[in-house]
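Note sheet for the following structure.
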Amino acid sequence: MKFRRGFLLIDAVVGMCIISAMTVIVFFWTKNQRTIVECLYISDLAVRTVVNVLVRDFMEHDILSSLNGFELVHHDGKIVLKINDHVFGYRFEGEKR
């Protein structure tokens, strides 16, 4: 009977360790997925902001220094967008029409 209780205790401890390890893996995976989605959202917003800036430039409207939360730097045929710790750089291709 003592052996049976000992094996039961070991089985319970090993099971709890496996459950804990799986829980940690799921939490880290979820955090990683949220980070990826946030980065994709910011890069998509940067592309949309650059298109907005190009349309404003083409229509000869004034371009603001801050747009959609991005700090806008416009010089030498380049558009640089800065937000928090992300920097996106875009370059004009070809000539203006």
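The values are calculated or read from the model by the stated rules, or taken from the named source; none is laboratory data. For clarity, every value in this text was computed on a predicted model and none was experimentally measured. Protein only, heavy atoms only, side chains kept; ligands, DNA and RNA dropped before computing areas. Shrake-Rupley method; radii C 1.70, N 1.55, O 1.52, S 1.80 Å.
Take the Cα radius of gyration of the chain and divide it by 2.2 N^0.38 Å, N being the number of residues; the result is 2.12.
For the chain, the mean residue ellipticity at 222 nm estimated from helices alone is -22000 deg cm²/dmol, where every DSSP H run of n ≥ 4 contributes -39500 (n - 2.57) and the total is divided by all residues, rounded to the nearest 500. The length gained on full extension between residue 66 and residue 28, counted as 0.36 nm times the residue separation minus their Cα-Cα distance, comes to 10.2 nm. Which residue fluctuates most in the GNM of the chain (Cα springs below 10 Å): 35, 49, 23? Most flexible of the set in this elastic network: 23.
Helix 2-58 and the longest principal axis of the Cα set of the chain meet at an angle near 0°.
For the chain, the share of accessible area belonging to carbon and sulfur comes to 63 percent (1.4 Å probe, ligands and nucleic acids excluded).
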